[in-house]
Structure formats: C-alpha cells, structure tokens
Amino acid sequence: MSGNTFGALFRVTTFGESHGPVIGCVIDGCPPGLPLAAADIQTDLDRRKPGTSRHVTQRRETDEVEILSGVFDAETTGAPIAFLIHNRDQRSRDYGNIADAFRPGHADYAWWQKYGVRDYRGGGRASARETAARVAAGAVARKWLAERFGIVIRGYLAQLGDLPIAFESWDEVDRNPFFAPNAEVVPGLEARLDELRRAGDSSGARINIVAGNMPVGWGEPVFDRLDADIAHAMMSINAVKGIEIGAGFAAVSQSGSQHGDELTPDGFLSNHAGGVLGGVSTGQDILVSLAVKPTPSIRIARRTIDRAGAPMTIGTEGRHDPCVGIRAVPVAEAMLALTLIDHALRWRAQCGDVHTITPHIAGLSPEGWQTTPPPRRK
C-alpha cells in the first residue's frame with residue numbers, strides 16, 4: 001500500500017491499524033532546535049481522543065504518545081522523529097458480523113476489490129483511528145509555526161446536521177465537547193446527538209479552520225498552490241466530502257466587484273479569497289471550511305451484499321461517533337499545520353532572502369479575530 005506519506009520537505013508517514021497493537025508516525029525534515037516534549041503533543045491528542053464525552057465513541061483510549069527518536073536534551077535534532085500510540089481498548093468481536101459483508105458508506109467494498117484482503121476490525125487502516133498519528137505530527141508543526149512566525153491555528157464546529165452555529169467567541173470552543181464557539185447552542189446539540197444515538201443514526205457536520213498571523217508569500221503558483229495543497233490535506237481526512245477556501249461556493253453568486261478583496265494602506269477590506277491568491281498566501285487569515293459526512297457506522301439495518309455478491313442487510317454494532325465531524329476539528333487543525341510548515345520550509349529555501357518595499361497588510365478575519373504574534377525565536 002502506497003500513499004502513506006504527506007509533505008515535501010516536512011514529511012509525515014503514518015502507520016498502524018485501528019485494532020492493531022499500535023499506531024504511529026515518523027516525521028522526516030523537522031528543523032533542529034525546536035524544544036519538544038511529549039506534553040507538547042499530548043495536549044492536542046487529548047482534544048481528539050475518544051471517550052471524552054457521551055457524545056463521541058466510548059472506546060477508551062488514553063492516546064499517550066511515546067517519542068522514540070529525533071529528540072535529545074528536550075530539543076529536536078533534525079533526525080527523524082518517531083511516535084508511538086498504543087491501542088489498548090480494541091473490541092474486535094464487535095465486527096465479527098461484517099467479516100464477509102460490506103458496510104454501506106464505508107471503504108469495505110472498494111478496499112476488498114483493490115487489495116483482495118480486508119482488515120474488517122474497525123476498518124483497519126481506513127479507520128479514523130489513524131488520524132491520531134496525524135494530530136501528533138501536527139502538534140510539532142503547530143509549535144514550530146507559533147514559535148517562528150506567531151501563527152495561530154484554531155477550528156470550531158460551524159454546523160451539526162441542519163443546526164447552524166453562530167460564531168460568538170473562540171473562548172467557548174474548548175469549554176464544551178462539541179468545539180462549538182457559542183455556549184447557547186450546546187443544549188440543543190446535546191439533545192440532537194442523544195436523539196441520533198437512540199435512533200441508531202448519525203449526522204454530518206461543517207467545521208471551520210482558521211490560521212491567523214500568516215506571512216505573505218507561502219505557496220507555489222502552479223501545481224503546488226497553497227490552497228490546492230490545503231484541499232489535498234483536508235480531503236485526506238476520513239469522512240470529509242467537501243472543502244471551501246474563503247468564500248468557496250458562495251463565489252458562484254458573487255460579482256467580481258464584491259468578491260475581489262480590495263486593498264488599502266490599513267489592510268484588506270474583506271477576505272473572500274480565504275488568504276490565498278494565485279496559490280500564494282496574502283498574509284490574511286487562511287479560512288477553510290469542511291463538509292464532513294454522517295458517520296456510516298449506524299445500527300439501522302441497510303441493504304448490502306456479501307463477498308459472493310448475494311444480497312443481505314446489515315447494521316453496525318459497536319462504539320461509534322454519532323457525528324464524526326466533532327472530533328475532526330483537531331484533525332483538520334493538524335493537517336493545516338502540516339501543510340503550512342511544509343510551505344514555510346519551501347519558502348525559506350527559495351525566497352527567504354526576498355524583501356520588498358511594500359508593507360505587510362493583513363486586515364481582519366470575518367470574525368474580527370486578531371492575535372499578537374510572540375517574538376520569533378532566534
């Protein structure tokens with residue numbers, strides 16, 4: 001199986017299956033001299049891990065990360081960094097009834113036809129369990145971006161099913177199990193997920209990711225456009241079926257005079273471009289919005305076929321998220337961080353000495369969010 005590595009200069013390779021002994025990743029290309037400890041990574045893993053509330057899968061995993069290499073005297077050395085996360089709460093028996101059947105909405109059928117072998121225990125490599133390794137790698141990227149450039153990457157739940165969530169404050173995002181930026185909607189979200197769980201059904205979600213304090217000039221103008229690589233990163237996340245940068249599909253109904261972001265000496269007047277023009281960052285906030293499909297693992301019996309092609313019905317038992325989009329927030333943050341650090345290193349290699357007389361103008365994000373970058377580490 002190929003396609004397990006992401007990035008050009010900052011390269012991340014993940015490995016492991018949902019019900020195997022471990023999952024993990026190897027980072028190749030991390031700059032030396034970054035202070036790094038397991039605690040730096042554990043914070044992000046704890047935001048993603050299962051069992052944190054009754055509204056997500058009740059699989060009980062501590063997701064404690066172990067750093068095996070690439071760090072000496074609490075700093076990265078430039079050598080490959082290897083992480084391990086042990087799987088401690090597998091219940092493979094929950095999947096015995098699907099060993100010879102294909103679950104609707106899952107990768108089962110496509111993987112069987114492609115490889116001729118399938119790890120049916122939780123989806124194996126196709127499981128969202130793999131994303132824990134991405135979050136670990138993303139934590140390293142996030143810390144480097146913050147220390148060198150003051151970049152802040154945040155995400156939130158913008159819609160659950162047909163329930164839109166108005167943005168109120170970043171302060172609310174980590175105060176509830178939904179990553180919702182609005183405390184008033186939490187009781188309604190709880191009621192909706194309780195209803196879905198009782199019915200044995202699931203819901204989709206929309207999540208928004210923002211990268212603030214962005215420099216100008218990251219990205220390549222043709223095939224390796226920054227927005228193209230962001231789209232690649234986000235579409236690699238399990239269950240993501242759509243992505244918008246900036247205005248996204250709303251640009252269809254906008255006029256040119258409305259969509260084009262005007263510039264003034266004080267900054268851009270809007271950010272319909274989502275922080276990227278011509279494949280290159282403008283210095284505005286990077287704005288990314290994702291559509292996450294409903295969790296396909298549901299108890300409701302649905303039609304399918306077995307390996308011989310005979311018709312049957314199947315319902316999925318076990319511990320599953322009624323809305324997988326909730327725990328996708330830290331995963332999407334990680335993938336944006338991995339994309340940005342890769343382009344930061346590529347910018348530094350080719351254009352790090354370029355200077356212009358034009359000042360850096362950024363402007364505000366749609367939420368009016370600004371941050372003050374910390375001093376760059378020398």
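Where a number appears in this text, it was derived from the coordinates with a stated rule and is not lab data. What you see is a predicted model, and the numbers here were worked out from it, not measured in a lab. Note: ideal-geometry Cβ built from the backbone for every residue, glycine included; neighbour counts use all protein chains shown.
What does the charge count around GLY246 come to, taking other residues whose C-beta lies under 11 Å from its C-beta (Lys +1, Arg +1, Asp -1, Glu -1)?
Taking every Cβ under 11 Å from that of GLY246, the sum is -4.
Counting other Cβ atoms within 10 Å, which GluC sites (Glu not before Pro) in the stretch 254-344 have at most 11 and lie in a DSSP loop?
Those satisfying the criteria are GLU262.
Cβ neighbours within 10 Å, averaged per peptide: list 35-41, 130-136, 242-248 in order, most packed at the top.
130-136, 242-248, 35-41
If you count, for each residue, the other Cβ atoms within 10 Å and average over each peptide, how do 2-10, 64-72 line up from highest to lowest?
Those peptides, ordered most packed to least, come out 64-72, 2-10.
Assign unit charges at the C-beta atoms only (+1 for Lys and Arg, -1 for Asp and Glu), then state the dipole size of the chain relative to its Cα centre in Debye, rounded to the nearest 20.
1160
Taking the Cα-to-Cβ direction at PHE223 and at SER255 and moving 7 Å from each Cα, how far apart do the two end points lie in nm?
In this crude label model, PHE223 to SER255 measures out at 4.0 nm.
Could you pull out every whole DSSP H run in the chain that spans at least 24 Å of Cα extent along its own axis and averages 0.0 or higher on the Kyte-Doolittle scale?
Long hydrophobic helices here: 131-149, 328-351.
So, with +1 on the Cβ of K and R and -1 on the Cβ of D and E, and no other charges, what is the size of the charge dipole of the stretch 148-208 about its Cα centre, to the nearest 20 debye?
Using only the charged Cβ atoms, the result is roughly 300 debye.
Taking only DSSP H segments of four or more residues, each worth -39500 (n - 2.57), what value at 222 nm results for the chain once the sum is divided by all its residues, to the nearest 500 deg cm²/dmol?
Taking each H run of at least 4 residues, the total per residue is -7500 deg cm²/dmol.
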